[in-house]
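Structure first, then comments.
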Number of protein chains: 4
Amino acid sequence: MAESSVPTLWSGAPDSTSVNRQQRRRGRKLSDMMSYTAQVISENGYHMASLDEIAERMDLSKASIYHYFDGKEALVTATLESCASYVQQRLQEAAASDGTPTERLAQLIRTQVNLIAVEAVEVARLFVQPLDWPPAIAETVLQAQRDHGKIFRDVIHEGVVAGEFQVADERIARMALQGGMNLVPTWYSDKLGGKRGAVVVEDITSTLMRLVLPITSPIQA
Amino acid sequence: MAESSVPTLWSGAPDSTSVNRQQRRRGRKLSDMMSYTAQVISENGYHMASLDEIAERMDLSKASIYHYFDGKEALVTATLESCASYVQQRLQEAAASDGTPTERLAQLIRTQVNLIAVEAVEVARLFVQPLDWPPAIAETVLQAQRDHGKIFRDVIHEGVVAGEFQVADERIARMALQGGMNLVPTWYSDKLGGKRGAVVVEDITSTLMRLVLPITSPIQA
Amino acid sequence: MAESSVPTLWSGAPDSTSVNRQQRRRGRKLSDMMSYTAQVISENGYHMASLDEIAERMDLSKASIYHYFDGKEALVTATLESCASYVQQRLQEAAASDGTPTERLAQLIRTQVNLIAVEAVEVARLFVQPLDWPPAIAETVLQAQRDHGKIFRDVIHEGVVAGEFQVADERIARMALQGGMNLVPTWYSDKLGGKRGAVVVEDITSTLMRLVLPITSPIQA
Amino acid sequence: MAESSVPTLWSGAPDSTSVNRQQRRRGRKLSDMMSYTAQVISENGYHMASLDEIAERMDLSKASIYHYFDGKEALVTATLESCASYVQQRLQEAAASDGTPTERLAQLIRTQVNLIAVEAVEVARLFVQPLDWPPAIAETVLQAQRDHGKIFRDVIHEGVVAGEFQVADERIARMALQGGMNLVPTWYSDKLGGKRGAVVVEDITSTLMRLVLPITSPIQA
DNA sequence: GATGAATGAGGATTCATTCAT
DNA sequence: AATGAATGAATCCTCATTCAT
């Protein structure tokens, strides 16, 4: 009802470059709709989220969705792309920071854990595993995961080249890292909120950094 | 591939204690049906797997499924429980072997990676993430995951008590370990089949063992 | 017969208080749907009336029924309640008329016989016996019968108190009365239509009034 | 399980003339099966009584029913005919007794009320109203009702001819009588069991006799 | 005589999508 | 822009019936 209290999961300001008010209003509407969609899908999964339910959450009629999106798949695809884009942006900021590969990888892990477990829990859940998506959407998810992986891959590679990391196989290390990041915070999400959360995040980070740091030296997160 | 021979994913010999031929035949039938079910669900997910499709794969009429199971949910629940039970048994064997916690954890990882990526790829995929299951089934999956986690938890704890492992937080370490195991082999499954597969499995194992081994000593998988 | 004109069995004007046109249109649609439902159920019984058949009679797709009612049971329950409510209203009018209990009971009988055998044959058939309804609906039927019985009970009781009626047991008398009313006109419906019908109705009424009138005085219907 | 404790509703000894033991055994089996069928149908109605349920009550497999009857309809038809035949026989005995038409009609009512409400409650419920039976079976029910009605019709007619009864219309009187008999005991069945039951039966009988007795004389039940 | 297995026909229900207003 | 109405397609499930053993 109160459009103002839309829980913008990833605070997307998608079309801030829109010129006139019309377009800006429409952009905000689209953003809100995707936000609600992410919410519902995240709670119930794709197949158990009916358009009726999504529409109701939007306080809009089901038919009206078709004024903005071509259908359920289009709505969800757009939502996923928007989510992925936001996450991607956040991670890229972390990866682009100054510092050694070690510092930057640790920062990446912190950022990702925070996103998954604190800032955008629902969003993250959408990308964890490509199980049960309709084929067309699965492709979108896969692409997002590839983009997402690339950021980590690059930093890890830099670290290896720089001699800071020591891994048997870069790809295996990266996937173990990602697998760990995906699973840990999901089950820890209740403990990551308050002040003590910061400590836990550091525990997670240092634990996962073990996967790449040379095993004979102490971990420097 | 060979539709005629039942692809017993987890080579379940469920009711070998059945006395008469009737019961044994029925037990085998049930086992076959669950095997096909695991296959189809694993490929398409719960919601996109229609009973029609499952029935056809079983070379049986849809109505016939109801002679053996109470409905779709019951069929899938039974299948999941059977799969979980088999995996559980395999892991328990690995965990119960002689050897130091280090050796046993490494053995656990090897076993799990093999199951996930070589022996029972389809089975494993069923348990990775509880995203889109109907509530009743989600509970089953969750329970299986708890049982599964307990085996790792125990060995890790023993290792810590024995002074062989050194972790900031046992639970975080365990989850990172499980997350890594779940993710890595799924994407590596094509490379884990042949002889070189053994090498990769060892790479994965040694990589993941880093998560618990004391960081100042070289890894001994 | 004339599919185009809705055969409003009980001329229900259910929501005449609806304010805007939207609501009035919807109310009329609901009323029509219930009317057709009463017809089909009355002809075939609950279990042999498929939603397909009902929908076709409504000249509507089966799925469309679900826009107005939650399902078959809801549709039928609503229909029964609407029917019962109409009958109840008609009887209450008859019971509330001026006159001695004798006159009012006779009027009740006439009204009921007319409803059952002339005006709302199909409607009446729905309430005669709760034999084959699904439990949830059986409850509705039972409630309607209780309401229905109360009207007769009250008038009979007044008659007894006033000394006009003389019965061994009020409840037995009332049930005999209702049983007679329910059965007689159903088999006489072909003879109750024309002018001679009025005579038959009076025969029925005077016959049934015997059940309560003092046996030493002539019946005065 | 205990075949001996079959609740033979109408104590049918259908084929007592069977010569050899084989046939007698088969006859008893058929009788038992029909008895259970009457029970289940009476409880749930025709459509909600699945063959599975009936078979289970018989402690027999569903398929076995087909060794004795051609199908569900045949089973139910046979059951209904057997029930009707038993009731018919009982009523005929009552109608054939010595005595005036008044006495015999009263005896008929007593017998019928007893059957409906005490001796064969389930059986009676099957015949009350032809609602919801499949067409083929409805015909059987109708025929039974016609046979049933004939007994009452004859006695009433004799009473009228003899000058004992005084009715406006014989048929109307008879139907009112039957309607009353059908309805009253169903709701009174809990009160008709013990000693006080006899009193109630007399109340019912005297109440219903009013429908035919001359209105200026006291009722003599 | 008895039964487990198998099935076709049919029914209720859901849902994404279209369209007139 | 917004929506109520309508629907075809798909899905789960039931059940009377047949048949091989």
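The values are calculated or read from the model by the stated rules, or taken from the named source; none is laboratory data. What you are looking at is a predicted structure, and each value in this text was computed from that prediction instead of being measured. Virtual Cβ from ideal backbone geometry, glycine too; neighbours counted across all protein chains shown. Remember, those area values only see protein heavy atoms, side chains included, never the ligands or the DNA or RNA. Shrake-Rupley method; radii C 1.70, N 1.55, O 1.52, S 1.80 Å.
Quickly estimate the mean residue ellipticity at 222 nm for chain D, helices only: each DSSP H run with n ≥ 4 gives -39500 (n - 2.57), and the total goes over all residues, rounded to 500.
Mean residue ellipticity, 222 nm, calculated: -21500 deg cm²/dmol.
Quick check for you: with a 1.4 Å probe and neighbouring chains kept, what is the accessible area per residue of the stretch B:21-73, in Å²?
So the stretch B:21-73 comes to 56 Å² accessible per residue, rounded to a whole number.
Compare C:Pro135, C:Pro101, C:Pro185 in a GNM of chain C, Cα atoms joined below 10 Å, and give the one with the largest fluctuation.
Maximum fluctuation in the GNM of chain C, among the listed residues, is at C:Pro135.
Picking from A:Ser31, A:Ser61, A:Ser82, which is most flexible by a Gaussian network model of chain A using Cα springs under 10 Å?
A:Ser61
In whole Hz, with x marking every Gly and Pro, tabulate ³J(HN,Hα) for the stretch C:83-99 from phi via Karplus 6.51 cos²θ - 1.76 cosθ + 1.60, θ = phi - 60°.
Once θ is set to phi - 60°, the couplings for the stretch C:83-99 become 4, 4, 4, 5, 4, 4, 4, 4, 5, 4, 4, 5, 6, 8, 5, 5, x Hz.
To the nearest 10 Å², what's C:Lys29's accessible area with a 1.4 Å probe?
Spelled out: C:Lys29, probe radius 1.4 Å, area about 80 Å².
Picking from D:Gly180, D:Gly99, D:Gly45, which is most flexible by a Gaussian network model of chain D using Cα springs under 10 Å?
With Cα springs under 10 Å in chain D, the top fluctuation among D:Gly180, D:Gly99, D:Gly45 is at D:Gly99.
Where the centre of each part is set by its Cα atoms, how far does the stretch D:19-58 sit from the stretch A:160-177, in angstrom?
Centre-to-centre (Cα) distance: 75 Å.
Using a 1.4 Å probe on the protein heavy atoms, what percent of the accessible area of chain A belongs to carbon and sulfur?
50 percent
Going down the list C:Lys62/D:Lys72; C:Lys72/D:Lys62; B:Lys29/B:Lys62; D:Lys29/D:Lys62; C:Lys150/D:Lys195; B:Lys29/B:Lys72, which pairs span over 23 Å between their C-alpha atoms?
Pairs exceeding the cut-off: C:Lys62/D:Lys72; C:Lys72/D:Lys62; C:Lys150/D:Lys195.
Counting only other chains, and only Cβ atoms inside 10 Å, what mean value do you get across the residues of B:198-206?
Counting Cβ atoms of other protein chains within 10 Å of each residue's Cβ and averaging gives 3.
Grab the other residues whose beta carbon is less than 9 angstrom from that of D:Gly45, score K and R as +1, D and E as -1, and report the net.
-3
So which residues in the stretch C:104-131 end up with at least 50 square angstrom less accessible surface once the other protein chains are there, compared with the chain by itself, probe 1.4 angstrom?
The answer is C:Gln129, C:Leu131 - residues whose exposure falls by at least 50 Å² when every protein chain is included.
Would you work out the relative contact order for chain C, in percent, from Cα pairs under 8 angstrom that are 6 or more residues apart?
Details: 221 pairs, mean separation 42.7, N = 221.
Rounded, it is 19 percent for chain C.
Would the stretch C:21-72 count as rounded, prolate or oblate if I go by the C-alpha gyration tensor, calling it rounded below 1.5 in a/c and otherwise prolate when a/b exceeds b/c, oblate otherwise?
Prolate, since a/c reaches 1.5 and a/b exceeds b/c.
Net charge within 12 Å of A:Val121 by Cβ-Cβ distance, Lys/Arg positive one each and Asp/Glu negative one each, not counting A:Val121 itself?
-3
Return a whole-number percent for the relative contact order of the stretch A:89-212, with Cα pairs under 8 Å and 6 or more residues apart as the contact set. Walk me through the numbers on the way to the answer.
Values: 105 pairs, mean separation 39.9, N = 124.
Relative contact order of the stretch A:89-212: 32 percent.
What's the total accessible area buried between chains C and D, using a 1.4 Å probe, rounded to the nearest 100 Å²?
The C and D chains share an interface burying roughly 4100 Å².
Protein chains only, probe 1.4 Å: how do C:Asp154, C:Asp169 rank by accessible area, largest first?
Ranked list, largest accessible area first: C:Asp154, C:Asp169.
Roughly how many Å² is the accessible area per residue of the stretch B:76-209, as a whole number, for a 1.4 Å probe? It would help to have the intermediate numbers written out before the result.
On the way: 5250 Å² over 134 residues.
Ligands and nucleic acids excluded, the result is 39 Å² per residue.
Roughly speaking, what is the centre-to-centre gap between the stretch B:82-158 and the stretch C:73-114 when only Cα atoms are used, to the nearest Å?
Centre-to-centre (Cα) distance: 69 Å.
Starting from a label point 7 Å past Cα on the Cβ side, list the distances from C:Arg146 to the same position in the other copies, nm, shortest first.
The projected label point of C:Arg146 is separated from its counterparts by 4.0, 4.3, 6.8 nm.
Please list 3J(HN,Hα) in residue order for the stretch B:22-34, calculated via the Karplus relation 6.51 cos²θ - 1.76 cosθ + 1.60 where θ = phi - 60°; whole Hz, with x for glycine and proline.
With the stated coefficients, the stretch B:22-34 comes to 3, 5, 5, 4, 4, x, 5, 4, 4, 4, 4, 4, 5 Hz.
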